[in-house]
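Here is the structure we will look at, set down as structure tokens.
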Amino acid sequence: MQLDLSGAEQMEQQQLPQFTLDAFRRTVVHYGQWLAQAEHQFGMEKAMEIEAEVWEASFGNQITRLGKTLGFEVDAGRPAFL
């Protein structure tokens, strides 16, 4: 199923779960490709060191964006309801 990923804020409530799952899938695929390339270029040990730094920098951005999309608050880098 191909979804138009532009304009998430204007989606109907029925479309939002599919949009979110599709975006998550794309993120996981991108991450896997990125990590494979980092391992290829630097070796596994260095790639994992880089990944730890990248995770710290990117997770906050990702969860904030997800919170805006799904309508939950984020507190100290985690969903407030947790």
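None of the figures in this text is laboratory data; all of them are computed from the coordinates on show. Predicted model, so just to flag it, every value in this text is computed and none were measured. In this analysis, Cβ positions are derived from the backbone assuming ideal geometry, glycine residues included, and neighbour counts consider all displayed protein chains.
Remarks
- For the chain, the Cβ-based charge dipole about the Cα centre amounts to some 140 debye (Lys, Arg positive; Asp, Glu negative; other atoms uncharged).
- Residue 19 paired with residue 44, simple spin-label distance in nm, labels 7 Å along Cα-to-beta-carbon: 4.0 nm
- Where labels lie 7 Å past Cα in the beta-carbon direction, separation of residue 53 and residue 35 in nm: 1.8 nm
- For the stretch 38-82, a crude dipole built from +1 on the beta carbon of Lys and Arg and -1 on the beta carbon of Asp and Glu, taken about the Cα centre, is about 300 debye to the nearest 20.
- Rh (Kirkwood; distinct C-alpha pairs) - the chain, Å: 14.6 Å
- Relative contact order computed over the chain (Cα-Cα under 8 Å; 6+ residues apart), in percent: 18 percent
- When the charge dipole of the stretch 38-82 is built from unit charges on Cβ atoms (+1 for Lys and Arg, -1 for Asp and Glu) and taken about the Cα centre, the candidate among 38, 76, 52 whose Cα reaches farthest toward its positive end is 76.
- Annotation: the stretch 38-82 has a Kirkwood hydrodynamic radius of 11.9 angstrom, from the mean reciprocal C-alpha pair distance.
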